[in-house]
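*Asks:* Have a look at this one.
The values are calculated or read from the model by the stated rules, or taken from the named source; none is laboratory data. Nothing here was measured: the structure is a model prediction, and the numbers come from that model. Using ideal geometry, Cβ is built from the backbone for each residue, glycine included, and neighbour counts are taken over all protein chains shown. With ligands, DNA and RNA removed, areas are computed over all heavy atoms of the protein, side chains included. Shrake-Rupley method; radii C 1.70, N 1.55, O 1.52, S 1.80 Å.
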Amino acid sequence: MVENYEHYITKNIKAYYKRRIWMPLLYIILLAICWGLFSMSDILRPIRLTQDADLNYFYEKEPHYVKADFENLTFTGYIATERGKTKGYYYYVSWGNSVAVVLLSPETCEQGNPSIESLSVYGKLIKGGETYTKLLENMASDLDWTDTGITEALPDIYFSEPANHTTYTYMMFLLYFATLIFAVISVLIDLLHMIFPVTAPACQNLVVFGNPKRQLEEAEEELATLPQLATEDMFITEHYFIMTSPVGNAIVPINQILWIYKHSTLHKFLWYHFSISYTMHIYAKKHFYIHCPKNIKSDIDGIMDYLAEANHDIVVGFSEKNRLKVQAQYEKPFHVEKIVAVLRKRI
């Protein structure tokens, strides 16, 4: 018995956070893959283009996000629409030894300003499709050019500001970095709890009853020496109730417990009921609350009976009378106790 439960609580705390750490680690790896796969650094640091740059050359550089400096843009008279709404206004500008087409958002060009003296704007290089070809045909007709002539004069790559999706891009990066920071912090916290189990919430929550390290050592010693009652993941020693389940760990001094009760949960899939599990709720002094989910009835009943025998002041069972009796000993209602317990666990 001594060998089986030697440092049992500490080992289970380490094992719990060793299981937890894989989820944020995998998420960080996934974010790293996305960063490289979609060249997200290029979106944050677009290529800077001047009016002598070869658009076809830079189009070959994925993912085509650029910042361009334009001078003397002229409105073509044509607009781009999408789902009945104006998407942008087409301009042309001298570009090196030829002319380039630029699609500007309505806000940038002030709803089709006839000419723009200078402009520096973020956008994306787009390979012209059917709409672009139609635009060139219309421009050729307006300028009295041939379709072949204008096609040779203008590159088949054009600059599109609306394609940059600035708002969505910023939102995407905000979500990306926010979740990345959260995942990194989670990994660091899990590592801390794995290396120093006494820093885990299961131990630090005991600070309201005294020194967490001392209480952990006392609970470990009592469990290793001789547990009074043991189930698969719940134990009672001389002075402590201990839970070491896959969903979490907890240590509660028996003399601090005020109220215990259980409730059942029916597990079903569609119309088929396949199991019933029981959850034990424990309220203790100093606004301390834990619950022990997914247990069988015999284990819960055995634990509750033993706790009631070990501490005759414990109120057993859920009823309105018992709730009011125990709540009278608290300054806050019980839903606040649960919130405090959850916050304490998270912190």
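*Asks:* If amide H atoms are built 1.01 Å from N in the plane of the peptide, which residues on other chains or at least 5 residues away come under 5 Å of the amide H of LEU154?
*Replies:* Amide H neighbours of LEU154: none.
*Asks:* Under 28 Å from the Cα of LYS134, which lysines turn up, not counting those fewer than eight places away in the same chain?
*Replies:* Here the lysines satisfying the reach criterion relative to LYS134 are LYS61, LYS67, LYS85, LYS87, LYS124.
*Asks:* Suppose a student asked you for the relative contact order of the chain, using Cα pairs under 8 Å spaced at least 6 residues apart; what percent would you report? Can you show the working numbers first?
*Replies:* Details: 511 pairs, mean separation 52.5, N = 347.
Result for the chain is 15 percent.
*Asks:* While we're looking at this one, here's another question. Normalising by the residue count of region 87-164, find the relative contact order in percent from Cα pairs under 8 Å and 6+ residues apart. Provide the component values of the computation, followed by the final result.
*Replies:* Details: 96 pairs, mean separation 32.2, N = 78.
The normalised contact order for region 87-164 reaches 41 percent.
*Asks:* Report the local net charge at ASN164: Lys and Arg +1, Asp and Glu -1, summed over other residues whose C-beta lies under 14 Å from its C-beta. Show your work: numbers first, answer last.
*Replies:* Working: positive: ARG45, LYS67, LYS87, LYS124; negative: ASP42, GLU107, GLU161.
Net of charged neighbours comes to +1.
*Asks:* In Å, what is the Rg of the alpha-carbon atoms in region 81-173, and how long is Dmax?
*Replies:* 14.0, 46
*Asks:* Using +1 at the C-beta of Lys and Arg and -1 at the C-beta of Asp and Glu, which of PHE177, VAL326, CYS34 has the Cα lying farthest in the positive direction of the dipole of the chain?
*Replies:* VAL326
*Asks:* Right, next: When the chain is fully extended, how far beyond the present Cα-Cα distance does ASN72 get from ASP52, taking 0.36 nm per residue of separation? The partial results should precede the final answer.
*Replies:* On the way: separation 20, 0.36 × 20 = 7.20 nm, distance 1.42 nm.
Extra length available between ASN72 and ASP52 comes to 5.8 nm.
*Asks:* Continuing with the same structure: How much of TRP145 can a 1.4 Å solvent probe reach, expressed as accessible area in Å² and rounded to 10?
*Replies:* Accessible area of TRP145: about 120 Å².
*Asks:* For the chain, what is the calculated [θ] at 222 nm in deg cm²/dmol (nearest 500), taking -39500 (n - 2.57) for each run of four or more DSSP H residues and dividing by its residue count? Don't skip to the end; give the middle numbers.
*Replies:* Values: 12 runs with 143 residues, N = 347.
The helix contribution divided over the chain gives -13000 deg cm²/dmol.
*Asks:* From largest accessible area down, sort ILE181, ILE47; use a 1.4 Å probe on the protein chains. Working shown, then result.
*Replies:* Working: ILE181 100, ILE47 50 Å².
The most accessible residue leads, giving ILE181, ILE47.
*Asks:* Under a 1.4 angstrom probe, counting protein chains only, how are PHE173, PHE269 ranked by accessible area, largest first?
*Replies:* On the way: PHE173 10, PHE269 140 Å².
The ranking, largest first, comes out as PHE269, PHE173.
*Asks:* In region 228-256, which residues have a backbone nitrogen under 18 Å from the label point lying 7 Å from TRP22's Cα in the Cα-to-Cβ direction?
*Replies:* Counting only backbone N, you get 245-248.
*Asks:* Name the lysines eligible as straight-distance cross-link partners of LYS213: C-alpha to C-alpha under 29 Å, and not fewer than 8 places from it in the same chain.
*Replies:* Straight-line reach from LYS213, under 29 Å: LYS11, LYS14, LYS18, LYS285, LYS286, LYS294, LYS332, LYS338, LYS345.
*Asks:* Before anything else, pin down the relative contact order of region 34-193: Cα pairs under 8 Å, at least 6 apart, normalised by residue count, whole percent. Could the numbers behind the result be given before it?
*Replies:* On the way: 228 pairs, mean separation 34.8, N = 160.
Rounded, it is 22 percent for region 34-193.
*Asks:* Follow-up question, since we're still on this one. Would you mind getting me the FRET efficiency between GLU232 and ASN255? Use the beta-carbon distance for r and R0 = 25 Å, nearest 0.05. Write down the numbers at each step before the final one.
*Replies:* Values: r = 25 Å, r/R0 = 1.00.
Given R0 = 25 Å and the Cβ-Cβ separation, E is 0.50.
*Asks:* Long-range amide H contacts for TYR78: which residues qualify at under 5 Å (H placed 1.01 Å from N, peptide plane, sequence gap of 5 or more or a different chain)?
*Replies:* The list, which skips near neighbours in sequence, is TYR90.
*Asks:* Which distance in Å, rounded to a whole number, links the C-alpha centroids of region 270-314 and region 26-68?
*Replies:* What the calculation gives is 56 Å, centre to centre.
*Asks:* Follow-up question, since we're still on this one. How long are the three semi-axes of the equivalent ellipsoid of the chain, in whole Å, if each is the root of 5 times an eigenvalue of the C-alpha gyration tensor, listed from largest down? Mind showing how you got there, number by number?
*Replies:* Details: eigenvalues 983, 93, 63 Å².
In descending order, the three semi-axes are 70, 22, 18 Å.
*Asks:* Of all DSSP beta bridges in the chain, what percent run antiparallel (nearest 5)?
*Replies:* Numbers: 55 of 62 bridges.
Close to 90 percent.
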